[in-house]
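Reviewing the structure listed below.
The values are calculated or read from the model by the stated rules, or taken from the named source; none is laboratory data. Note that the structure is a prediction, hence the values are computed from the model and not measured. Reconstructed Cβ throughout: ideal geometry from the backbone, glycine too, with neighbour counts over all protein chains shown. Areas reflect the complete protein model, heavy atoms only, side chains present, ligands, DNA and RNA absent. Shrake-Rupley method; radii C 1.70, N 1.55, O 1.52, S 1.80 Å.
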Amino acid sequence: MPPSRFAAFAIALPLYRAFEYRIDDSEAVVAGTRYRLPFGQGTRTGVLLSVSDSTDYAAERIKPIEARLDQRPVLSEHMLALAKWMSEYYLQPTGEVIFQCLPSYLRGSRVYQSLRVKRWQLVDSDADVIDELQSRSPRQFEIGLALLRQPGGMTAAQLKQINPNWHAVVRAMESKQLLRWEWVDAAVNPVIASELPRLSDEQSAILGQIEPRLRHFAVHLLDGITGSGKTEIYLRLIQARLADGLQVIYLVPEIGLTNQLIDRVRQRFGDCFATSHSSLTEYQRYRAWDRFRRGEVRIMLGTRSTLFSQCERLGMIIIDEEHDHSYRQQDGVRYHARDVAIKRAQMLDIPIVLGSATASLESIANCERDTWFHYRIDHRPTRYPPPPIQLIDVRNSRFEFGCAAPTLARIESHLAQSGQVLIYLNRRGFAPVVMCHECGWQSQCRNCDARLTLHQSLQTLLCHHCGFNQAIPETCPDCGHDEIRHYGIGTEQLEQGLRSRYPDTPVLRVDRDVISSRDALKARLQQLQSGESCILIGTQMIAKGHDYPAITLSVVLDADQALFSASYRASESLVQTLFQVSGRSGRGDRVGEAIVQTRFTEHPLMQALQRQGYREIAADLLQERRLLGFPPCARAVIFRADALELKQALVKLEEIKTLLGQARHFERLASVGPIPALMTRRIGRYRAQLCLLSADFQALRSVLSQAMPAIQEIASSPRVSWNVDVDAYDL
Ligand SMILES: [Zn+2]
Ligand SMILES: [Zn+2]
């Protein structure tokens with residue numbers, strides 16, 4: 001046997017261990033490199049973690065690696081260290097965490113090749129040659145002219161902006177020997193726009209405070225009312241970091257209306273940025289990852305997993321709308337991107353900037369503990385402050401497609417003054433309840449404890465949890481009666497109602513059912529951009545992250561459900577949504593108005609909304625959490641199990657609870673369960689949970705570190721599987 005060493009590999013499996021393989025002594029090994037490994041009957045991709053010269057096992061029983069996939073490691077030492085921390089903190093299997101840190105394109109066995117790009121230049125930069133093209137081929141002339149102005153040449157992406165069919169044109173020009181191309185690996189240098197918007201006094205003051213603190217790790221929370229110009233502060237800070245030759249990661253919530261932001265970043269810094277979000281293909285995201293990694297671009301703008309972008313010279317992380325739920329990954333590896341980002345910044349000794357008009361209670365509590373820098377912005381740079389929230393009492397109202405008469409009157413008044421109206425309704429489809437008028441039968445999902453939603457355009461009843469759908473029955477399946485009715489309002493019905501009532505006003509609906517792509521969204525938003533009078537309706541997609549100055553009225557149709565939710569987070573989420581939605585209006589040169597329909601005007605939360613700002617309400621909510629012993633004043637760890645039968649799930653959790661119970665200090669924790677989960681059956685599986693709650697973080701960590709080694713041995717199977725959720729979002 002040739003001299004060999006033994007190496008530990010991470011494989012993306014829900015197992016809490018590394019896997020050992022034999023590796024040739026002659027092989028130069030670097031941690032973070034991927035290998036193809038024999039595994040069971042087939043092969044698996046593994047990431048090399050470490051090499052040791054000796055092992056306790058008999059050498060011949062350990063299989064050799066099959067092949068190395070990467071010439072260079074795909075994960076840096078820093079990313080491996082971050083993954084290790086995540087795995088320990090969130091109690092997630094190392095292999096799964098490590099693969100989570102890679103773009104999905106590289107999670108299999110595809111070879112990593114640094115992607116260079118082609119750049120085209122004119123062979124002869126004689127203006128006369130180009131002029132000749134003008135009459136014969138206007139399209140070639142157009143590209144020729146652009147290249148004449150860019151003697152350094154242009155990439156495919158740049159040419160595409162001039163002509164979407166650039167490829168054919170460029171090929172024709174190549175065949176005439178007008179163009180030549182070369183491979184480039186060059187950086188796109190930031191071009192800072194020459195004219196910058198004037199800063200308000202508050203913005204200048206805050207920049208003045210943050211800028212001297214950019215050299216080291218610190219968490220900066222920008223707590224500014226809606227429309228207060230936080231983005232401008234981010235852009236100035238990015239500019240400062242770029243000037244130091246550094247790179248920046250800029251995270252935004254999932255989808256949202258980020259086209260505006262992308263345009264703004266481009267206007268400010270040119271093309272020196274890449275974007276990564278869920279409407280891009282796997283390959284496009286991989287390309288963005290690679291461009292940032294090679295330093296070709298300096299800014300990486302994207303959603304949650306963009307946090308795992310690697311580069312040589314990371315100088316700052318920005319997290320906009322830090323309170324947003326989409327930063328929390330709920331499936332697979334469970335982590336919170338904001339919290340991981342803070343850890344990452346700390347490890348690299350770089351600053352992190354969080355921003356929100358409705359900061360999470362977690363962040364507010366952190367500022368109170370005085371470990372973070374807290375900056376307030378209380379004024380909009382534009383003329384009008386965010387509108388106060390007005391309640392519309394709809395107890396005795398007649399409704400038309402979900403809108404009470406006083407609401408319709410406000411809408412009409414704003415349309416008459418050529419304003420734009422935003423209506424928030426967080427319910428897709430036509431109607432949420434379909435019922436037999438005779439016997440009370442309701443359309444239920446076959447796989448979930450949930451009702452099916454009526455989608456009229458699809459002529460179907462659809463489950464929003466598992467996607468199950470069925471035709472709308474003509475008669476009641478239970479009693480045969482033919483009066484099947486629907487109740488409640490979804491965005492589809494609202495759109496239909498508004499269209500027929502206001503035939504001359506464009507009605508734009510934005511939700512997952514109508515927005516399949518970023519381009520579809522963009523087309524819809526152009527209308528808003530134009531400033532013409534229109535109605536925008538939609539789900540949470542329209543609640544945040546956009547800035548259309550012509551919106552003068554925001555309406556929230558159904559806020560009441562959240563008042564009586566079983567979730568302890570419901571009040572926080574509701575208040576955040578209401579302030580975010582109301583803050584979309586009055587950003588231009590006209591005063592805005594914000595109304596909320598409710599049947600419960602006397603409810604303390606509704607009363608508070610009329611009288612107080614977000615910060616005061618948040619302080620009260622935080623106080624309430626403290627009294628109840630809920631996060632962020634305590635930490636929550638939830639073990640969840642799901643199985644084909646409820647009993648199996650409960651038994652699995654009992655097994656886990658027994659092991660936890662053997663740990664010292666277990667009695668210091670509050671534990672609830674095992675109990676069935678709030679929505680017990682989902683996608684055909686029964687779900688249960690066991691919750692640990694404690695304000696004593698050390699006791700909690702200690703119990704977990706004692707018990708986890710034994711718990712990790714409990715196998716998951718397709719029949720019954722379990723997982724653990726640290727800092728669980730909801731109980
Ligand atoms: Zn019936
Ligand atoms: Zn379902």
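Consider only pairs whose beta carbons are under 7 Å apart and that are at least six residues apart or on different chains; among these, list those whose first residue lies in segment 440-452 and is without any contact (Cβ under 8 Å) to a residue 12 or more places away in the chain and under 12 Å from residue 484 (Cβ atoms) and whose second residue is basic (Lys, Arg) and within 16 Å of ligand 1 (Cβ to nearest atom).
Matching pairs, first to second residue: 442/451.
In segment 157-173, which residues are touching a helix residue (DSSP H, G or I) at 6+ places or on another chain (Cβ under 7 Å), touching a residue at least 24 places away in the same chain (Cβ under 8 Å) and surrounded by fewer than 17 Cβ atoms within 10 Å (Cβ to Cβ)? Even if it seems obvious, please write down each step before you answer.
In the first step, residues of segment 157-173 are kept if they are touching a helix residue (DSSP H, G or I) at 6+ places or on another chain (Cβ under 7 Å); the result is 159-160, 162-163, 166, 169-170, 172-173.
Next, from what is left, pick out any that are touching a residue at least 24 places away in the same chain (Cβ under 8 Å): 159, 163, 169-170, 172-173.
163, 172 - these are the residues of segment 157-173 that are touching a helix residue (DSSP H, G or I) at 6+ places or on another chain (Cβ under 7 Å), touching a residue at least 24 places away in the same chain (Cβ under 8 Å) and surrounded by fewer than 17 Cβ atoms within 10 Å (Cβ to Cβ).
Do you know which of the residues in segment 2-16 that are under 29 Å from the mean Cα position of the chain (by Cα) and of a type outside the set (Gly, Ala, Ser) is least open to solvent (accessible area, probe 1.4 Å)? Please lay out each step first, then the result.
Of segment 2-16, the ones under 29 Å from the mean Cα position of the chain (by Cα) are 10-16.
From what is left, the residues that are of a type outside the set (Gly, Ala, Ser) are 11, 13-16.
Values: 11: 3, 13: 24, 14: 85, 15: 78, 16: 60 Å².
Once the filter is applied, the top-ranked residue is 11.
Are any of the residues in segment 104-111 under 28 Å from the mean Cα position of the chain (by Cα), under 24 Å from residue 271 (Cα atoms) and open to solvent by 30 Å² or more (accessible area, probe 1.4 Å)?
For segment 104-111, residues under 28 Å from the mean Cα position of the chain (by Cα), under 24 Å from residue 271 (Cα atoms) and open to solvent by 30 Å² or more (accessible area, probe 1.4 Å): present.
Being away from ligand 2 (no atom under 16 Å from the Cβ) and either in contact (Cβ under 8 Å) with a residue 60 or more places away in the chain or out of contact with any Phe, Trp or Tyr (no Cβ under 7 Å at 6 or more places or on another chain) (or both): is that true of residue 480 here?
Numbers: away from ligand 2 (no atom under 16 Å from the Cβ): yes; either in contact (Cβ under 8 Å) with a residue 60 or more places away in the chain or out of contact with any Phe, Trp or Tyr (no Cβ under 7 Å at 6 or more places or on another chain) (or both): yes.
Yes, satisfied.
Considering segment 502-528 alone, what residues qualify as being open to solvent by 20 Å² or more (accessible area, probe 1.4 Å) and either modelled with pLDDT of 85 or more or part of a loop (DSSP other than H, G, I, E, B) (or both)?
Step one: filter segment 502-528 for residues open to solvent by 20 Å² or more (accessible area, probe 1.4 Å), giving 502-506, 512-514, 516-520, 522-524, 526-527.
If the condition is that a residue be open to solvent by 20 Å² or more (accessible area, probe 1.4 Å) and either modelled with pLDDT of 85 or more or part of a loop (DSSP other than H, G, I, E, B) (or both), then 502, 503, 504, 505, 506, 512, 513, 514, 516, 517 are the ones that fit.
When you check residue 663 against the structure, is it surrounded by 18 or more Cβ atoms within 10 Å (Cβ to Cβ) and among the small types (Gly, Ala, Ser), yes or no?
Details: surrounded by 18 or more Cβ atoms within 10 Å (Cβ to Cβ): yes; among the small types (Gly, Ala, Ser): yes.
The answer is yes for residue 663.
Looking at segment 413-501, what strands (runs of 3 or more DSSP E) fall wholly within it and have at least 2 residues that are in contact with a helix residue (DSSP H, G or I) (Cβ under 9 Å, 6 or more places away or on another chain)?
Values: elements: 420-424, 433-436, 453-455, 460-462, 469-471, 484-487.
Result: 420-424, 453-455.
Each row is one residue, and each column tells you yes or no for (1) at positive phi; (2) within 16 Å of ligand 1 (Cβ to nearest atom); (3) in contact (Cβ under 8 Å) with a residue 60 or more places away in the chain.
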residue: 385; (1), (2), (3): no, no, yes
residue: 395; (1), (2), (3): no, no, yes
residue: 402; (1), (2), (3): yes, no, yes
residue: 409; (1), (2), (3): no, no, no
residue: 420; (1), (2), (3): no, no, yes
residue: 423; (1), (2), (3): no, no, yes
residue: 426; (1), (2), (3): no, no, yes
residue: 459; (1), (2), (3): yes, no, no
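Identify the single condition in (1) assigned to a loop (DSSP other than H, G, I, E, B); (2) buried (at least 21 other Cβ atoms within 10 Å of the Cβ) that residue 555 does not satisfy, given that it satisfies every other one.
(1)
Which is touching a Phe, Trp or Tyr at 6+ places or on another chain (Cβ under 6 Å), surrounded by fewer than 18 Cβ atoms within 10 Å (Cβ to Cβ) and over 30 Å from residue 642 (Cβ atoms), of 417, 456?
Working: 417 fails: touching a Phe, Trp or Tyr at 6+ places or on another chain (Cβ under 6 Å).
It is 456.
Given the criteria in contact with a Gly (Cβ under 7 Å, 6 or more places away or on another chain), outside the structural domain of residue 537 (by TED's automatic domain parsing) and either over 26 Å from residue 507 (Cα atoms) or within 15 Å of ligand 1 (Cβ to nearest atom) (or both), does residue 469 qualify? Let's see the steps before the verdict.
Working: in contact with a Gly (Cβ under 7 Å, 6 or more places away or on another chain): no; outside the structural domain of residue 537 (by TED's automatic domain parsing): yes; either over 26 Å from residue 507 (Cα atoms) or within 15 Å of ligand 1 (Cβ to nearest atom) (or both): yes.
No; evaluated as a whole, the condition is false for this residue.
Within segment 425-445, can you find the residues that are closer than 14 Å to residue 474 by Cα and within 16 Å of ligand 2 (Cβ to nearest atom)? Walk me through how you get there before you give the answer.
Initial filter on segment 425-445 (closer than 14 Å to residue 474 by Cα): 434-438, 441-443.
Within segment 425-445, 434, 442, 443 meet the criteria.
Would you check if there is a residue in segment 25-34 being surrounded by 20 or more Cβ atoms within 10 Å (Cβ to Cβ), in contact with a helix residue (DSSP H, G or I) (Cβ under 9 Å, 6 or more places away or on another chain) and modelled with pLDDT of 90 or more?
yes
From the residues in segment 376-394 that are under 14 Å from residue 611 (Cβ atoms) and not in a loop (DSSP other than H, G, I, E, B), which one is least open to solvent (accessible area, probe 1.4 Å)? Full working, then the answer.
So the first thing to find is which residues in segment 376-394 are under 14 Å from residue 611 (Cβ atoms), and the list is 388-391.
After this cut, where a residue has to be not in a loop (DSSP other than H, G, I, E, B) as well, the list is 389-391.
Numbers: 389: 12, 390: 73, 391: 28 Å².
That would be 389.
Filter segment 477-501 for residues that are away from ligand 1 (no atom under 16 Å from the Cβ) and open to solvent by less than 60 Å² (accessible area, probe 1.4 Å) and give the result. Let's see the steps before the verdict.
Pass one, segment 477-501, residues away from ligand 1 (no atom under 16 Å from the Cβ): 488-501.
Passing the criteria: 488, 489, 490, 491, 492, 493, 494, 495, 497, 498.
What number of residues in segment 428-448 are within 16 Å of ligand 1 (Cβ to nearest atom) and surrounded by 20 or more Cβ atoms within 10 Å (Cβ to Cβ)?
Adding up the residues that qualify gives 3.
Find all pairs meeting these conditions: Cβ atoms under 8 angstrom apart; at least six residues apart or on different chains; first residue within segment 687-713 and open to solvent by 70 Å² or more (accessible area, probe 1.4 Å); second residue among the β-branched types (Val, Ile, Thr).
Short answer, once both residue conditions are applied: 687/680.
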